[in-house]
Amino acid sequence: MNIGRFTLSPVPALIVGIVAISFSAIFIKWSDAPASILGMYRLLITVLLMAPWMGRIVRREVRKFRPRDGGLIFLSGLFLGLHFLFWIESLRHTSVASSMIVLSLEPVFVAIGAYALFRERTGGTALLGMGMALVGTVLIGWGDIGLSKKAIYGDWLSLLGTLAVSVHMLIGQRICAYISAYVYSFLVFATAAGVLAVYNLAAGIEMVGYPPREWGIFLLLAVVPTVFGHLLFNSLLRRLGATTVAMSILGEPVGAIILAYLLLGEGITGYQGIGGLLTLAGLALFLKTKRSGPAVEEVAREPA
């Protein structure tokens, strides 16, 4: 990754990205702002940070658009906005461990959707890994039933958020076959921020007047997990390939759970531990054997 004259080699860049996205859930837990506000400002600030470098690139890439691409960009942004709405709200009801492990099922849902839409086949070993991951999330949910109805509600919200971001990624898989992943991210981030702004207005949610501490968290969410997570991973796709970058997402729930223990004092139940290990093992097996198509190379995964 090149930042001006500074060059960061791939392995350190991957480590930076994993650590960065692991902080996403922690920043959200620190905030008292509504989920839709956190998602809106996270995306809006990221768009503003990207804007000075994107104007000419966007104009060039938009010329490649097909007639229906505008609608697909809107749908992708809509589902990304729904992802942030559901997933951020899930952290108000369940633990970081449960929410993050459920969110890690995204590659499985994307693979299912890719088969249904694009007929991308998945081998038997990958299917075994998918089954292990699904059983693991059931165990997490089963354990949270024992904790409270609030916790299982949070798990369901995380599942809805994961489904929403999977739709967003499947749309991106189609579009990023012929436009830059950076341009796709910029346009979709802007659209999703607009969707959440409309939601906040319609729901009568206060959009300003938050204390300085909250604005600091908004900025941290934009800079740390989005710029140094989402965009850094995108910059590594062509050098490392989608499979290597996608494997790095397995570090996100592990990092988030460790940070939640250290910074939030959250423990891990037996069901969460067993279910989490089973889910991560299944995902590792799945991602190791799954072969991504050329279009997927551009949009392996949007981290949380």
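Laboratory data are not the source of any read-out in this text; all were calculated from the coordinates shown. It should be emphasised that the depicted structure is a prediction, and the values quoted were computed from it without experimental measurement. FYI the Cβ positions are ideal-geometry reconstructions off the backbone, even for glycines, and counts take in every protein chain you see.
Okay, here's what the table says:
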| read-out | value |
| --- | --- |
| Sequence ranges 60-71, 185-196, ranked by mean other-Cβ count within 10 angstrom, highest first | 185-196, 60-71 |
| Ascending count of other beta-carbon atoms within 10 Å, so fewest first, for Arg213, Arg92 | Arg213, Arg92 |
| Sequence ranges 17-25, 170-178, ranked by mean other-Cβ count within 10 angstrom, highest first | 17-25, 170-178 |
| Under the Karplus curve 6.51 cos²θ - 1.76 cosθ + 1.60, θ = phi - 60°, whole-Hz ³J(HN,Hα) for the range 183-198, x wherever Gly or Pro sits | 5, 4, 4, 4, 5, 6, 4, 5, 5, 5, 4, x, 4, 5, 5, 4 |
